[in-house]
Amino acid sequence: MPRQGEVDFVDAPVASYSNWVGFVFIFNLIVGTGALTLPGVFARAGWLLSLLIIILLAVISYITVTYVIESMACANAVRNWQNLQALRISRNDDVNDDEVDAPLLPAASLQDQIVGGGDELERVPLTIQNAEFHYYQLNHKFELGEMASLFFNDFGRIVFYMCFIIYLYGDLSIYSAAVARSLRDVVCDHTNNTNVSQSNMLYWPADFKHNAIDACWEDHTISRLSMYRVFLIGFVMIFGPFTAFSVQKTKYLQMATAAFRWLAFTLMICLALKLLITNGPKGHPVSVNVYGIPSLFGACVYSFMCHHSLPSLLAPLKHKLKAVKILSYDYIVICTFYIVLAMTGIFAFEHIEDLYTLNFLPSKVDYSNFFSVLLYGIDYFLALFPVFTLSTSFPIVAITLRNNLQALFLDTIHYDSYNFFVRRILFPLCTIVPPFCITYFTESLANLVAFTGSYAGAGIQYVIPVCLVYFSRRTCIELLGSGLKNQFESPFKSNIWLALVLLWSIACVCLVSINLFS
């Protein structure tokens with residue numbers, strides 16, 4: 001309900017959900033497969049260093065989330081201002097000399113005259129008598145790309161799309177490698193790679209070359225690397241063609257995926273706690289290891305990422321003024337959840353795989369009682385968990401990447417004028433082939449996550465929100481003046497915070513680059 005003296009003009013009615021449902025949706029969006037790489041990077045970077053950095057990165061990620069919310073409100077304000085100008089011009093054209101001095105219509109009459117939807121004038125904010133309507137809203141969903149086009153120049157728009165596209169390429173590479181590795185390690189005889197040294201090189205890490213030599217089964221000559229590539233090719237051939245079409249995740253698919261995710265993470269924490277209680281700590285991670293920072297930084301950035309999809313979740317939120325508070329609760333719960341997941345894992349297992357679910361392969365447990373049948377099924381479920389969830393997400397991410405490539409290189413207004421090859425073959429191939437080539441020559445999820453999170457992920461999570469909020473504030477001040485208050489303004493509104501976030505991101509990326517390629 002609007003406050004006294006305010007007129008609540010809104011867009012066409014849309015489906016909405018409560019604060020609690022919004023909390024759950026945002027939690028499910030943030031807690032994804034990236035969390036499965038956290039125990040491995042915690043073990044490499046040290047438990048104390050990892051604990052400090054993940055808390056710090058959670059705080060910084062939350063700061064930039066508030067910048068995205070403020071920028072979206074600014075985009076709505078610009079849109080409302082433009083609609084108001086169009087309405088004023090339309091009315092000035094229609095009035096005659098006898099109507100120039102007519103009294104101002106009451107709010108109810110004005111609201112009846114303003115229509116929304118399509119290309120018509122939408123319901124816009126107006127100043128009625130002495131009551132000021134808030135321009136700043138979250139009613140209209142502005143994606144990051146739309147905000148970049150609104151507030152950035154051509155160079156900034158191209159940089160945004162390049163950063164976003166690289167991040168999505170990294171996503172697809174991680175998805176492909178995770179599915180192929182999970183299937184390979186479930187099917188093949190499992191070998192413990194505890195003594196295999198970890199390499200900081202992006203391509204051909206030590207475990208990858210090791211798998212090129214090891215046989216998948218004792219009695220066969222096919223290598224684990226060959227089986228990985230067979231599963232990778234099969235996965236891309238099955239799900240790659242969906243990139244050429246329009247595939248949307250249904251409500252029931254989202255619910256099933258969320259249920260699988262919650263069940264899997266809960267089981268992993270419970271099984272790790274059971275191992276700690278019954279067998280004592282098997283893992284003895286160091287407290288600090290600076291050489292593990294690249295993977296740690298990339299995994300933490302990747303695991304707190306929600307910025308690119310945040311507008312879609314905020315628009316239907318019923319009580320939008322509480323969006324910042326809801327997100328603060330989400331980040332506190334998620335950070336705690338990540339710490340529990342990683343800490344129980346690094347002390348329960350002597351060696352942590354890049355993909356944490358691979359620590360629960362059935363061959364790793366000595367089953368000796370009747371209860372072993374249930375544990376056997378649980379271990380198989382956990383080992384195949386990435387296959388279930390990522391297979392449903394892969395087409396969605398691929399289509400999103402294809403659409404962004406088309407938005408960058410094609411005239412989307414005249415999209416139908418392009419031939420069939422460009423629309424249905426060229427851009428789907430440009431979407432699928434690069435991730436396939438990358439994962440064909442490396443299966444190291446730690447390095448893939450480190451590269452994706454440290455560069456493109458840091459750009460989307462840190463640099464772009466800072467630039468968006470800075471230029472959106474300037475634009476709104478130019479159009480609306482400084483008298484109107486943005487009710488969705490970030491609590492971290494000082495330019496000092498903007499500078500600190502930028503300096504932090506630059507320092508981290510430089511440090512990661514030195515460690516990753518040295």
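The values are calculated or read from the model by the stated rules, or taken from the named source; none is laboratory data. None of the values given here were measured: they were computed from a predicted structure. Glycine gets a Cβ as well: all are built from the backbone with ideal geometry, and neighbour counts include every protein chain shown. Surface areas here come from the heavy atoms of the whole protein model, side chains and all, with no ligands, DNA or RNA. Shrake-Rupley method; radii C 1.70, N 1.55, O 1.52, S 1.80 Å.
Taking the range 314-328 as the search range and keeping residues that are assigned to a loop (DSSP other than H, G, I, E, B) and touching a Ser or Thr at 6+ places or on another chain (Cβ under 7 Å), which one is least open to solvent (accessible area, probe 1.4 Å)? Spell out how you get there, then give the answer.
Taking the range 314-328 and keeping what is assigned to a loop (DSSP other than H, G, I, E, B), we get 315-316, 318-319.
Keeping just the survivors that are touching a Ser or Thr at 6+ places or on another chain (Cβ under 7 Å) gives 316, 318.
Values: PRO316: 26, LYS318: 115 Å².
Applying the filter and picking the extreme gives PRO316.
If you go through the range 135-163, how many residues are touching a residue at least 60 places away in the same chain (Cβ under 8 Å) and part of a helix (DSSP H, G or I)? Let's see the steps before the verdict.
Let us first name the residues in the range 135-163 that are touching a residue at least 60 places away in the same chain (Cβ under 8 Å), namely 135-148, 150-152, 156, 158, 160-163.
Subset that is part of a helix (DSSP H, G or I): 144-148, 150-151, 156, 158, 160-163.
Number satisfying all stated conditions: 13.
Which one of these is closer than 25 Å to ASP354 by Cβ, among the aromatic types (Phe, Trp, Tyr) and surrounded by fewer than 24 Cβ atoms within 10 Å (Cβ to Cβ): TYR470, TYR440, TYR462?
Details: TYR470 fails: closer than 25 Å to ASP354 by Cβ; TYR462 fails: surrounded by fewer than 24 Cβ atoms within 10 Å (Cβ to Cβ).
From the options TYR470, TYR440, TYR462, the qualifying one is TYR440.
Do we have SER287 as of a type in the set (Ser, Thr, Tyr) and either surrounded by fewer than 19 Cβ atoms within 10 Å (Cβ to Cβ) or out of contact with any Leu (no Cβ under 9 Å at 6 or more places or on another chain) (or both) here?
Values: of a type in the set (Ser, Thr, Tyr): yes; either surrounded by fewer than 19 Cβ atoms within 10 Å (Cβ to Cβ) or out of contact with any Leu (no Cβ under 9 Å at 6 or more places or on another chain) (or both): yes.
So SER287 fits the description; yes.
Given the residues VAL469, VAL449, which is the only one that is at pLDDT below 80 and out of contact with any Cys (no Cβ under 7 Å at 6 or more places or on another chain)? Spell out how you get there, then give the answer.
Details: VAL469 fails: at pLDDT below 80.
Exactly one of VAL469, VAL449 is at pLDDT below 80 and out of contact with any Cys (no Cβ under 7 Å at 6 or more places or on another chain), namely VAL449.
Of the residues ILE213, ILE269, which is at pLDDT 60 or above and open to solvent by 50 Å² or more (accessible area, probe 1.4 Å)?
Numbers: ILE269 fails: open to solvent by 50 Å² or more (accessible area, probe 1.4 Å).
None of the others qualify; the one that does is ILE213.
Among LEU498, LEU484, which is over 18 Å from ALA323 (Cβ atoms) and either assigned to a helix (DSSP H, G or I) or of a type in the set (Ser, Thr, Tyr) (or both)? Reasoning before the result, please.
On the way: LEU484 fails: either assigned to a helix (DSSP H, G or I) or of a type in the set (Ser, Thr, Tyr) (or both).
Sole residue among the options that is over 18 Å from ALA323 (Cβ atoms) and either assigned to a helix (DSSP H, G or I) or of a type in the set (Ser, Thr, Tyr) (or both): LEU498.
For the range 279-288, state whether one or more residues are over 18 Å from the mean Cα position of the chain (by Cα) and part of a helix (DSSP H, G or I). Explain how you work it out, then say what you get.
We begin by selecting, within the range 279-288, every residue over 18 Å from the mean Cα position of the chain (by Cα); these are 279-288.
Now narrow it down to the ones that are part of a helix (DSSP H, G or I): 279.
Yes, the range 279-288 contains a residue that is over 18 Å from the mean Cα position of the chain (by Cα) and part of a helix (DSSP H, G or I).
Test of understanding: among PRO311, PRO294, PRO281, which residue is in contact (Cβ under 8 Å) with a residue 60 or more places away in the chain, of a type outside the set (Phe, Trp, Tyr) and surrounded by fewer than 21 Cβ atoms within 10 Å (Cβ to Cβ)?
Details: PRO311 fails: surrounded by fewer than 21 Cβ atoms within 10 Å (Cβ to Cβ); PRO294 fails: surrounded by fewer than 21 Cβ atoms within 10 Å (Cβ to Cβ).
Exactly one residue qualifies, and that residue is PRO281.
Mind checking which residues of the range 309-340 are touching a Leu at 6+ places or on another chain (Cβ under 6 Å) and not small (Gly, Ala, Ser)?
The answer is LEU314, LYS320, TYR338.
Looking only at the range 33-81, which residues are hydroxyl-bearing (Ser, Thr, Tyr), open to solvent by 10 Å² or more (accessible area, probe 1.4 Å) and under 28 Å from ALA499 (Cα atoms)?
TYR62
Does any residue of the range 286-296 turn out to be at pLDDT below 90 and under 27 Å from ILE26 (Cβ atoms)?
Taking every residue of the range 286-296 in turn, at least one turns out to be at pLDDT below 90 and under 27 Å from ILE26 (Cβ atoms).
Based on what the data block shows, is ARG424 of a type in the set (Lys, Arg), part of a helix (DSSP H, G or I), open to solvent by less than 60 Å² (accessible area, probe 1.4 Å) and touching a residue at least 60 places away in the same chain (Cβ under 8 Å)?
Details: of a type in the set (Lys, Arg): yes; part of a helix (DSSP H, G or I): yes; open to solvent by less than 60 Å² (accessible area, probe 1.4 Å): no; touching a residue at least 60 places away in the same chain (Cβ under 8 Å): yes.
So ARG424 does not fit the description; no.
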